[in-house]
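Right, one structure below, let's go through it.
The values are calculated or read from the model by the stated rules, or taken from the named source; none is laboratory data. As the structure is a prediction and not an experimental result, all values here were calculated from the model. Note that we place each Cβ from the backbone using ideal geometry, even for glycine, and neighbour counts take in every protein chain shown.
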Amino acid sequence: MLHINMNSQGRRSGMARRDFVRVGALSTLGLSLPDLLRSRASAADSVGSGTAPKAKSCIVLWMSGGPSHMDTFDLKPEAPSSHRGTFNPIATNADGLQICEHLPNLAKQADKFSIMRSVTHPSPSHDIASHIMLTGNVPARGTVNPSFGSVVFRERGYTEALPPYIAVPNGHRYSAAGFMGGTYKPFSIGSDPNAKDFQVRSLKLPDGMTVDRLQDRRRWLTGLDTLKRRMDGDAELTVLDEFYERSYDMITSPDTSKAFYLSQ
Amino acid sequence: MNFLRRINPSPLRVMLSAAVLLVASRVARAGDEPAKLNSAQFREIRVTPTQMTLSGARSVHGLRVTGIDQDGGLHDVTADCQFTGVNADMASVSADGLITPLRNGQTEVSVTYGSHTAKATIETRNLESTAYNFRNDVLPVLENLGCNQMGCHGSPKGKERLQLSLFSADPHQDFVQITDAKKELISVQKPEESWLLLKATCTEDHGGGDLTAEGDPAYNLLLDWIRNGAAEGQSGDASLERIEVFPHERTMIPGETQRLLVQAWFSDGSVRDITELASYRSSETTVASIDKRGLLTVGAYGETSVLVRFGGLVSSCLITAAQPADVPFPEIALHSKIDELVYAKLKSLNIIPSDVSSDEQFLRRVYLDVIGVLPTADEAREFLSDARPDKRSRLIDSLLDRPEFADFYAIRWGDILQINRDEPARLQDKGMWVYYRWLWDSLDQNKPMDQFVRELLTARGSAYESGPANFFRVGEGPQGMAEHASTAFLGVRLDCAHCHNHPFEQFTLDDNLGMAAFFSQVRSKRTREQDEEIIYTLDSGSVSHPDTKQRSSPMFLGGAQIAAVEKQAVETAAAEKNRADGAVAAATKSVESATKQLTAYQKSSAEKIKQAKQLASSSEQQAIAARKMAESAEKALAEAQSVADECERHCKQARSDLAEAEKAVVAAEALIAVSDAESSKAAVKAQEEAAERMASATAAMEAATAELAAAERVVKERLPTARTASRDSAIARQQMEQQKSELDTLSQRSQKKSAELNIVLTAASQSLAEAKKTVSRCDAAHRSAVAALTVRETTGDLRSELVDWIVAPDNPYFARSMSNRVWAWLLGRGIVNEPDDFRSTNPASNPELLDHLAASFVQSGFDMKSLFRSILNSRTYQLSSEPNEWNDADSIHNSYYHLKRLTAEQLAEAVCQVTGIPEKYSGLPLGTRATQLPDVSMRSEFLDLFGRPKRATPVESERTCDTHIGQSLQMISSDFISRKLRDSKGLAGQLAASDLSPQQAVEELYLTTLSRFPTKEECDLIFASPIEPSQRREKFEDLLWVLMNTKEFLFNH
């Protein structure tokens, strides 16, 4: 699951579509890893294990203040003019599907995507609406629900070196894990992949570090990490170890650079 | 099923359980069922209930039979018993003890188990009545199926055709909705085809899924209700009053089962078995699971509370599964009452606590827990080499006195009070700083918590000048303020009851509004300065119910109406006034009587004195008269004497005259004899003259003698009179003197007594004055209480009333909530957990311990540091974090110290501290520690990643220690870490440049990061290949990185 957070201020200017498509596509590359997290979330076992979802990856473009549905994919040509935008619909290469006249290239490829015009929410408030749309729940006082990305993370777990749920550049406040706990937060890139000095947080080895030296440190750490041995079986420590392993994988995996660095 | 509870630990069993422990950490294992007891191994059996009154056609009721084994252990033996109806045409009994009455009247069922027997009496009435009451019978079933939840038909617009009130808030409306003919949910003609049932069983596509199935008790009930006409019931129907679960508590062992019995009690005294309709929830499902039919199965050692609910009513059952006592529970030297209570609980569960922590563990732990930072290498060396036996409590005292205590706990309280200059509190720089400083000072001064709460909750004035006034800028409106205050100081989350009642929690919307009313007078206004707000209170204010629009009166959490409190105050004042009036009356009486007594006495004593005086004066006169008489008698005597003396003298003269005359006669005779005529004549003449002289002398003598005799007679006569008079005079004087002295005594006594009586009178007058004062005070108090009652809702700052209630020693929440918080901060888990979630369905793991902590806290005058001190000094706090084979499954009873990942601020600061390179936080001087940040607005990726909260809620769990991949990446390869690691002024650089040997440098690294010396094994590993001088910098950096990435560093242990 890839969550791309954009807003109308244009601060993410130049985040071209192909860029994030590329990041999202990575999720299909993965390898399966034992899902320790799933054992923690025992309640989810029966739901998570049996039915493998068909979709391999999913991209959410969260475009706060972006162009509205009636200027893009849902022009409502039948509606009275008071309920219509100023643009006209054009036909696409999919039967019966019309989109905005300013999206001619998408119109030629409409057989490759689906539009769900029925998705809606009842709230006039941006904040509540965002909560509903990102979590599927009307907000209750004192509770922030997990976003569906976090739910997918928990249910599906890791399938490759990259985290199952990534936010670019940072998640919306309702795209986090809410009451499910921070473990299922999206991994936030923290910066714009188009920026010159773009760097995914902590994924690049610091100056002066080499993979070999990191491996040396790892070996020492394995030998000197004695508390873990004394607390054998402690779930929290085990999970932390698991994340350390994943981190080493991410730092050293060539996939990581491929995924995040547009130049490669 | 019955199980042998105590088995002698054979070597085989010990080995078996040790083996199992390795894989399952004492979770009970499948197939390891305890051996079953036979009936002969039970002392007796008991049937529950022994007596019941059933009413109506659906009066089917179950029985539970409990066997008591030789050790007094209780077991469910229902399944192994035979049940017989004493009178077969009165009632039938199924093999598993389900009674179906056949006729109205009374009968008995007998129960047999081996040689044991027991009896139950059943009274049945109204058997012919098939009437339903929608509210009592049907709605609870719909509620337990989940139909009226927020996400389903309880949402404001309902779902599809059906709209129900949320959690049965409006039963009549729900009935109207369900039976609304237009909606076609009910078909009385073809009950099985009712839309309600088709949907509930998901026969028709149902967004809520299949909730019940044909044949289920819930299904049967709904169907039967529809068959019987789907009626609402009569207004006079008996109402559902309470539900009760059997057993209330039970000690069991893993693998054992117990079928619960849940009874609904009605206002007419009848009872119904609702075991199959109630809903169940076990707080610890690993300890005991429970199915829909109320069958409870114990899975692991521990405790769980099973919550049973039906129709908005709750009952609960506490299940304890104690570990078998494989080894005797050790005798432990306890430090304090805290330990006593913790160990009593552990002993009851056979959980053997871990050993006491090492000095190294304790040192690091207590630094992190009290001041949030690590000990320096020097501090570590000093403590570890200290040989004094009380060095731990000395360290605790010294840490509690350090200013970093206020730094660190200002973060905790800052979370709770949601102090932040930016979103969400938006206090602005000035508001934030003044609030933070007030908080910091309060913590540093160890301000008593009652004062802390009072200053905070009654604050007013500019939020840029008064720190605590900012409290009122955080919560939105009266409800928001009340919710914030309740969570912060009562540990009660009222926000769930912000809009509606929770289905089975005790706190309702009315509680929320009642508490909110205390804040209804609070207002704020802007000033000319940017964003400045002044907090003030109006004379009046109100909150209204969102639906009924009715005004809510202030009501303390738990139900005491402030008006009721006021009424109570008036009554108390009136009673006091009455008492004072009584006192005045009594005092007046005693003044009167004292006055009377005094007057009477004075009068009588004056009379007596007067008499005595008279007496004295008359006797004085008498004495004087007597003396006079005596004197005159004396005088007369003396006169008589002198007359007698004169007479005697006359006599003497006369005698001497006579003698001379005789002599003259003799001489004359002689002369005559010898004398011539002439001369004779003269002689004769002389003789004659002499004879004459003699005769006259004789006569004189005779006369004088007679006179003398007379005078002597007179003297003799007068002598006794004079004597008597003199005696009388003496007596009279004596009498006079006696009476004078009596008079003196009398007047002295009278004076004394009068003085005494005067004192009594004065005292009485004083107490009268006092009593009069009391009366006027009571009068004033009464008047003001009456006035307060009268104008309760229109004047005064209600917030003070709330604070008075909160800090009252008997407040059920405040002291408990504060003690519980501190316990949670220090031991990682609240006795009530979460620490800010007190409610009836979230019981304390050790209520006696919580009570003790709270009572001590109240007794100490709400002294926070003393609370810290008593917990920190307990053996419980100082236990090792390493579990043993008997306690590793324990997560709630403090049998060992639970690991706590360092909080975001602790970890950020620990990294700075061990690398020796501080972090610069914007707007604050370099060297400001992460644990000194006043709010959460400083940008810091590191702090965010490690769970720094946004302070969007006052709930402590907003600060998380969840593990996340961003964290491991951060520790492994972030700039934050590597810059500090590689800095030449940092620890690794300095050690490399120093002339310390590699061994000494490693020791320094260990003491700095882990507060201990390296072990031999660790040194062996580190020096497996020698560290060449050229590698020093690189290797020390590597080792520092490694140590910072050990769990020992990342966790407080």
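If I ask for residues that are within 23 Å of residue A:158 (Cα to Cα), among the charged types (D, E, K, R) and at pLDDT 80 or above, which ones from region A:229-264 would you list? Scanning region A:229-264 gives A:234, A:236, A:241, A:242, A:245, A:246, A:249. A single member of B:227, B:281, B:242 is surrounded by fewer than 22 Cβ atoms within 10 Å (Cβ to Cβ), more than 20 Å from residue B:136 (Cα to Cα) and touching a residue at least 12 places away in the same chain (Cβ under 8 Å), and it is B:281. Scanning region A:231-253 for residues that are closer than 30 Å to residue B:1013 by Cβ, more than 8 Å from chain B (Cβ to nearest Cβ) and assigned to a loop (DSSP other than H, G, I, E, B) yields a single hit, A:232.
Take the conditions (1) part of a helix (DSSP H, G or I); (2) within 14 Å of chain A (Cβ to nearest Cβ); (3) hydrophobic (A, V, I, L, M, F, W, C); residue B:889 misses just one of them, which is (1).
Annotation note: of B:579, B:523, the sole residue that is of a type outside the set (Phe, Trp, Tyr) and assigned to a strand (DSSP E or B) is B:523. On inspection, residue B:799 fails the criterion of being within 30 Å of residue B:647 (Cα to Cα), of a type in the set (Lys, Arg) and touching a residue at least 24 places away in the same chain (Cβ under 8 Å). Which of the residues spanning region A:205-252 are out of contact with any helix residue (DSSP H, G or I) (no Cβ under 8 Å at 6 or more places or on another chain) and surrounded by fewer than 17 Cβ atoms within 10 Å (Cβ to Cβ)? Residues satisfying the conditions are A:210, A:212, A:215, A:219, A:222, A:229, A:230, A:232, A:233, A:245.
Residue by residue, here is whether (1) acidic (Asp, Glu); (2) within 12 Å of chain A (Cβ to nearest Cβ); (3) buried (at least 17 other Cβ atoms within 10 Å of the Cβ) holds:
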site	(1), (2), (3)
B:951	no, no, yes
B:956	yes, no, yes
B:970	no, yes, yes
B:984	no, no, no
B:1002	no, yes, yes
B:1039	no, yes, yes
B:1043	no, yes, yes
B:1051	no, yes, yes
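Scanning region B:517-544 for residues being touching an Asp or Glu at 6+ places or on another chain (Cβ under 8 Å) and without any contact (Cβ under 8 Å) to a residue 40 or more places away in the chain gives a total of 2. None of B:670, B:725, B:699, B:704 is within 30 Å of residue B:653 (Cβ to Cβ), assigned to a helix (DSSP H, G or I) and touching a helix residue (DSSP H, G or I) at 6+ places or on another chain (Cβ under 8 Å) except B:704. Can you report the number of residues in region B:364-421 which are under 23 Å from residue B:914 (Cβ atoms), among the polar types (S, T, N, Q) and either touching a Gly at 6+ places or on another chain (Cβ under 7 Å) or outside any helix (DSSP H, G or I) (or both)? Within region B:364-421, residues that are under 23 Å from residue B:914 (Cβ atoms), among the polar types (S, T, N, Q) and either touching a Gly at 6+ places or on another chain (Cβ under 7 Å) or outside any helix (DSSP H, G or I) (or both) number 1. Out of the residues in region B:64-100 that are without any contact (Cβ under 8 Å) to a residue 60 or more places away in the chain and buried (at least 20 other Cβ atoms within 10 Å of the Cβ), state the one that is farthest from residue B:245 (Cα to Cα). Going through the qualifying residues, I end up with B:91. Listed conditions (1) under 29 Å from the mean Cα position of the chain (by Cα); (2) surrounded by 23 or more Cβ atoms within 10 Å (Cβ to Cβ); (3) away from every other protein chain (no Cβ under 14 Å) are all met by residue B:897, apart from (3).
The single condition among (1) among the polar types (S, T, N, Q); (2) within 30 Å of residue B:89 (Cβ to Cβ); (3) outside any loop (DSSP other than H, G, I, E, B) that residue B:173 does not satisfy is (2). Among the candidates A:183, A:159, A:256, the residue that is touching a Leu at 6+ places or on another chain (Cβ under 9 Å), at the interface with another protein chain (Cβ under 8 Å from one of its Cβ atoms), farther than 30 Å from residue B:1023 by Cα and touching a residue at least 60 places away in the same chain (Cβ under 8 Å) is uniquely A:183.
Checking each residue in region A:55-77 for being basic (Lys, Arg) and either assigned to a strand (DSSP E or B) or at pLDDT below 85 (or both) picks out only A:56.
Out of A:202, A:188, one residue alone is at the interface with another protein chain (Cβ under 8 Å from one of its Cβ atoms) and modelled with pLDDT under 80. It is A:202. Scanning region B:942-957 for residues that are in contact (Cβ under 8 Å) with a residue 40 or more places away in the chain and either assigned to a loop (DSSP other than H, G, I, E, B) or touching an Asp or Glu at 6+ places or on another chain (Cβ under 7 Å) (or both) yields B:946, B:947, B:948, B:949, B:950, B:951, B:952, B:953, B:954, B:955, B:956, B:957. Note on region B:435-455: residues that are more than 22 Å from the chain's Cα centre (by Cα) and under 19 Å from residue B:524 (Cα atoms) total 1.
Filtered by the rule that a residue be more than 7 Å from every other protein chain (Cβ to nearest Cβ) and part of a loop (DSSP other than H, G, I, E, B), region A:210-230 gives a lone residue, A:210.
For region A:78-108, the tally of residues that are at pLDDT 85 or above and either loosely packed, with under 10 Cβ neighbours inside 10 Å or within 24 Å of the chain's Cα centre (by Cα) (or both) stands at 7. Every condition in (1) surrounded by 17 or more Cβ atoms within 10 Å (Cβ to Cβ); (2) modelled with pLDDT of 90 or more holds for residue B:254 except the one numbered (2). For residue B:911, indicate whether it is over 30 Å from residue B:844 (Cα atoms) and assigned to a helix (DSSP H, G or I). So residue B:911 fits the description; yes.
Scanning region B:909-941 for residues that are in contact (Cβ under 8 Å) with a residue 60 or more places away in the chain, farther than 23 Å from residue A:188 by Cα and among the β-branched types (Val, Ile, Thr) yields B:914, B:915, B:917, B:931. Where helices (runs of 4 or more DSSP H) fall wholly inside region B:745-860, the ranges with 2 or more residues that are over 30 Å from residue B:318 (Cα atoms) and more than 20 Å from the chain's Cα centre (by Cα) are B:798-807.
Results for (1) surrounded by fewer than 21 Cβ atoms within 10 Å (Cβ to Cβ); (2) over 17 Å from residue A:213 (Cβ atoms); (3) more than 8 Å from every other protein chain (Cβ to nearest Cβ), shown as yes or no for each residue.
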| residue | (1), (2), (3) |
| --- | --- |
| B:962 | yes, yes, no |
| B:973 | no, no, no |
| B:987 | no, yes, yes |
| B:990 | yes, yes, yes |
| B:994 | yes, yes, yes |
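Checked against (1) within 14 Å of another protein chain (Cβ to nearest Cβ); (2) hydrophobic (A, V, I, L, M, F, W, C); (3) not in a helix (DSSP H, G or I), residue A:115 meets all criteria but (1).
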